[in-house]
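Structure first, commentary second.
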Amino acid sequence: MPERKTDAMAREKILDLANKISRQKRGTKSEIRAEDPEYMILEPIVSDEMAEVALCLGLREPKSAGEIAPLCGKTPEETGKLLWDLAVAGVCFVNKKDGVDKFWHDLWIPGHMEMIVNNKENVKKYPQLAEAFEAYGRVRGPKTAGLFPVGMGLMRVIPIEKAIQGETRRASYEEVSGYLNENTLFSVSDCSCRTARESMGEGCGHLKEDMCIQMGHAAEYYIRTGRGREITREEAFAIIRRAEENGLMHQIPNTDGPGKTHAICNCCGCSCLSMRTAGMFYNNDMVRSNYVSKVDRDACVACGECVEVCPVNALTLGRKVCAPEAPKKKRRETPRDTVWTADKWNPDYRINRKVVDEGGSSPCKAGCPAHIAVQGYVKKAAQGKWREALELIKRENPFPAVCGRICPRKCEAACTRNEIDDPVAVDDIKRFIAQKDLEAEHRFVPERRHEYPNRVAVVGSGPAGLSCAYYLAVEGYRVTVFEKNRESGGMLTLGIPSFRLEKDVVRAEIEILRELGVAFEFGVEVGRDRTLESLRREGYEAFFLAPGAQGGRRLGIEGEDAAGVISGVDFLKGVNLGTGAALSGRAVVIGGGNVAIDVARTASRAGASEVSMFCLESRKEMPALPEEIEEALEEGIRIENSWGPARIVTEGGKVTGVEFRRCLSVFDENRRFAPKFDDAEGILVPADSVLVSVGQTIEWGGLLEGSAAKLNPNGTVKADPVTLQTGEPDVFAGGDALSGPKFAIDAIALGKEGAVSIHRFVQKGQSLTLGRIKRDYKPFDTSSLDLESYDRLPRQRPERKHDALTESQVREETERCLGCGATTVDEYLCVGCGACTTRCKFDAISLVRKYDAASVELKELKPAVAKNALKRMVKIAVKKAAEPVTSLFDRE
């Protein structure tokens, strides 16, 4: 809020008007004072003359300028002008009745607060309008806790209609279509709540434009005062559909009487100031519909889609395996029977959402760095619904065909089935699903959700950069990927051998980005050919830096610059680009990671007659995946463990061998890299070529020159771990350049988070963190499960290694999934909006009618609230009386 005014500084007529609209009396305990939001929202936009006229208006009692003029002592012409100024400002309604403009006051909310904030010029000129609107619910909201009966709040959730179509007890006032069909005049405006949040720099990423629909008298007012534009009924239905597709819910002003309203708001739980009643104050009865979500645990696959779209965090993922019934939730304290003090609120509700129960959920989803809905797409595969399975995967990973070949299978490592026999062949199933799409006549290309004019530059076309570009394009941005090499894919194309990842598969996956409108510029090194600053001048508003780790790390030993000594990544690049020289004779590979394995296997295919690997680590400590080591051994590659290079032996400037020392240990007691050697034990290994693969470096070149972005000592860029924003506000980073060398799936996950941040950054007034879901999926403990009664179906394996499973094998393999997780519902928190049902692809969640409450006329609201408040007082007293009495002797 702006600087607080005292009553001594206040304008008396504005105070009088604030109290009149609030229906409070000056001089009483409950009067509106100068520091209150009701005064603050009027003070900059209402002159004393306007206030004199406004003080003569009544609550929902339309009067003309001619009727008001004698009451305020002004001429009808002067009164009419001031009334119109009030209407434009949002301090009164205006409608033409019998050819004459009539004016009246309404409630603060829903009413004048929204109307005032929807005057775009005033909000821009006077930020305190947005601040006062936001403060109103925060200040007044706690006083309503537990008082309003279900169905009688000032705003009310109305369920998404298709979510209740199967409910025989639904009422007409619960159907969006009923309100649209019974009205003839419609307008659409920006969302006032999101306008306020944006003005304060607290937007949640859900944008305000064309969100709220007005009908009847409200539509006339919005159209005439320039707050909204007139639309047809068909356009109104289209707005409703678009809102539901984007995960939004519906609310209506609830004070017009049973089955009546003048607006439909399309809301999110993270910015809506009405939904804050539930999110922050847990006063859910004030806004809820008559419905709650119910989960069919047998059908639920814990995909998490419903959890992430729920506006009030009523849904979380929990355990289903060895838990035939939903776990009993701990009894929640609610304002229904509890004195509701500030210690029971959730002021951080916009940043502390939980996605899993305390006990955790499906280990596969938690183990995957991108948190793909593994259980979900396995189920779709079991049903033969390959396209739907692919869509589910691509919500988190645009490159399933690539990952189906090179993924480290962290989901399988975490699979509960490991406690029985072998994990579900998740990666093989994913590969089959992706291959179906690659072979389809019409491949899956997601629709662009919007069309934004903003331009975004992605530097680097590896998995992180491509992932970021993909999700930005789906969101609707104009994206250009700048790649210094002549082909896209980064290390997918240049660093992984074709025998592991076919290049036509990479190209086919990238082609989808082109169909989404992503542009590529090859042979452009940003920092040399173009700079960040020059790209800004070209109109790019944000940057995602993902240059990858394409440089080889040096050993720092004698002879390293001799001919025949090549970094492993340069060797792989040369082979993949067709520019590398063929090998001959004996090749020595130094290193023990997955890249070193790739280098060794490629060397044997590039002409080397003998390939041996030397690494510091013992076989057990080797960072390479066990299956990678096994394949290298099968191909005749010799792996020598616990040896470290001392020097490279040369003759005439060319390598002839490598001298190694015995490595006694690699890590110290704190698992820090600190190798110890036995200088007395060494060997000389003859070599015609030496391929060094002991790590990778990020080649920044001049990319960050003149930038506030800084590097860590290891060469990675410093960035916020959640938002990925660097020290340069419009520059974000991901992939190996941020995390250091990791797997493609890790980079893909960071790319999507980068897209989330860039969307928020380029849109005015959006916070990078507020309302952002922390995808902190945690697994349950599998070690204590009793799995004796489960099947012992053997894992399906391809006839030949690296081949794909057949369709019949995939279907059999899907039967091995234990279906570990399911969604759980907190029925008190659930407000019955139905957003969850729009996301579920398994018919596993529905709305059921729990309450039977309709709204009342405004004049009937106060007695209804008073009656409910009395009942609440009795419940609080009874609860208190039932509490055990603690004597002084019982206390510690």
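The values are calculated or read from the model by the stated rules, or taken from the named source; none is laboratory data. None of the values given here were measured: they were computed from a predicted structure. Here Cβ is always computed from backbone atoms with ideal geometry, including for glycine, and neighbour counts include all displayed protein chains. All accessible areas refer to the heavy atoms of the entire protein, side chains included, with ligands and DNA or RNA removed. Shrake-Rupley method; radii C 1.70, N 1.55, O 1.52, S 1.80 Å.
Descriptive notes on the structure:
- If the convex hull is drawn through the Cα atoms of region 587-693, its volume per residue in Å³: 98 Å³
- Inter-site label distance for LYS97 and MET200 at 7 Å from Cα along Cβ, in nm: 3.5 nm
- The HN-Hα couplings worked out from phi for region 568-574 by the Karplus form 6.51 cos²θ - 1.76 cosθ + 1.60 (θ = phi - 60°) are x, 5, 5, 4, 5, 4, x Hz, whole numbers, x standing for Gly and Pro.
- Computed from Cα positions, the angle between helix 128-140 and the longest principal axis of the chain comes to roughly 80 degrees.
- Gained length - GLU827 relative to ARG33, 0.36 nm times residue gap less alpha-carbon distance: 282.0 nm
- Contact order, relative form, for the chain: 17 percent (alpha carbon pairs under 8 Å, 6 or more residues apart, mean separation divided by residue count).
- Around the amide H of ILE158, modelled in the peptide plane, lie the amide H atoms of HIS250, GLN251, ILE252, all under 5 Å away and 5 or more residues distant in sequence or on another chain.
- Based on alpha carbons, the Rg and Dmax found for the chain are 32.5, 110 Å.
- Using the Stokes-Einstein relation with a Kirkwood hydrodynamic radius computed over Cα pairs, the translational diffusion coefficient of region 14-80 at 20 °C and a viscosity of 1.002 mPa s comes to 170 µm²/s.
- Rounded to the nearest 20 debye, the dipole magnitude of region 164-276 is 200 debye, with +1 charges on Lys and Arg beta carbons, -1 on Asp and Glu beta carbons, and the Cα centre as origin.
- Other-chain or far-sequence residues with amide H under 5 Å of ALA646's (modelled H): GLU659, PHE660, ARG661
- What the Cα atoms of region 246-346 give is an Rg and a Dmax of 16.1, 50 Å.
- Take the Cα of SER789, step 7 Å toward its Cβ, do the same at ASN670, and the gap between the two points is 5.0 nm.
- For region 722-776, radius of gyration divided by Kirkwood radius, i.e. Rg to Rh on alpha-carbons: 0.98
- Since only PRO463, CYS411, ILE683 are under comparison, the one whose Cα sits farthest along the positive direction of the charge dipole of the chain, derived from C-beta charges on Lys, Arg, Asp and Glu, is CYS411.
- Between the listed residues LEU770, VAL658, ALA719, the Cα displaced farthest toward the positive end of the dipole of region 655-801, a dipole computed from Cβ unit charges relative to the Cα centre, is found at LEU770.
- Protein-only accessible surface order, largest first, of ARG197, ARG455, ARG528 at 1.4 Å: ARG528, ARG455, ARG197
- Overall shape: prolate for region 100-168, with the ratio a/c of the largest to smallest alpha carbon gyration tensor axis at 1.5 or above and a/b above b/c.
- For the chain, the dipole from Cβ point charges (+1 on Lys and Arg, -1 on Asp and Glu) about the Cα centre works out to 2520 debye, to the nearest 20.
- Of LYS63/LYS96; LYS503/LYS573; LYS102/LYS124; LYS320/LYS380; LYS294/LYS879; LYS25/LYS97, those spanning more than 21 Å from alpha-carbon to alpha-carbon: LYS102/LYS124; LYS294/LYS879; LYS25/LYS97
- Potential extension, LYS710-ARG448 segment - 0.36 nm per residue separation minus Cα distance: 90.9 nm
- Once all protein chains are placed together, THR28 keeps about 60 Å² accessible to a 1.4 angstrom probe.
- Judged by the ratio a/c of the largest to the smallest principal axis of the C-alpha gyration tensor, region 779-891 counts as oblate, that ratio being 1.5 or greater while a/b is no larger than b/c.
- For region 137-209, alpha-carbon Rg relative to the globular expectation (2.2 N^0.38 Å, N residues): 1.45
- Dividing the summed -39500 (n - 2.57) terms of all DSSP H runs of n ≥ 4 by the residue count of the chain sets its mean residue ellipticity at 222 nm at -9000 deg cm²/dmol.
- Whether region 493-584 is rounded, prolate or oblate, judged on the alpha carbon gyration tensor where a/c under 1.5 counts as rounded: oblate
- In terms of packing, defined here as the mean over residues of other Cβ atoms within 10 angstrom, the peptides 553-560, 599-606 line up highest first as 599-606, 553-560.
- Exposure rank, largest accessible area first [TYR851, TYR221; 1.4 Å]: TYR851, TYR221
- Modelled FRET efficiency - R0 25 Å, LYS879 with TYR851, Cβ distances, 0.05 increments: 0.70
- Region 513-526 - phi-based ³J(HN,Hα) in whole Hz, Karplus 6.51/-1.76/1.60, Gly and Pro as x: 4, 4, 5, 7, x, 6, 9, 10, 10, 9, x, 10, 9, 6
- Accessible-area composition of the chain, carbon plus sulfur, in percent [1.4 Å probe]: 50 percent
- Extension gain for the segment LYS871 to ARG60, taken as residue separation times 0.36 nm less the Cα-Cα distance, is 288.9 nm to one decimal.
- Nonlocal amide H pairs with PHE544, under 5 Å, H built at 1.01 Å: ALA457, VAL458, VAL459, PHE732
- Per-residue SASA entry for TYR173, accessible area with 1.4 Å probe, Å² rounded to 10: 50 Å²
- A probe of 1.4 angstrom, applied to the heavy atoms of all protein chains, finds MET622 with accessible area near 10 square angstrom.
- When both region 40-79 and region 543-589 are represented by their alpha-carbon centers, they are found 80 Å apart.
- Solvent-free Debye scattering, log10 I(q)/I(0), computed from the Cα coordinates of region 437-514 at q = 0.15, 0.25 Å⁻¹: -0.56, -1.20
- Axis of helix 858-882 versus longest Cα principal axis of the chain: the two differ by about 60°, to the nearest ten degrees.
- Å² of accessible area per residue within region 352-408, as computed with a 1.4 Å probe and no ligands counted: 28 Å²
- Going by accessible surface with a 1.4 Å probe and the largest first, HIS759, HIS217 read HIS217, HIS759.
- Eigen-decomposition of the gyration tensor built on the alpha-carbon atoms of region 386-521 gives equivalent ellipsoid semi-axes of 27, 18, 14 angstrom, largest listed first.
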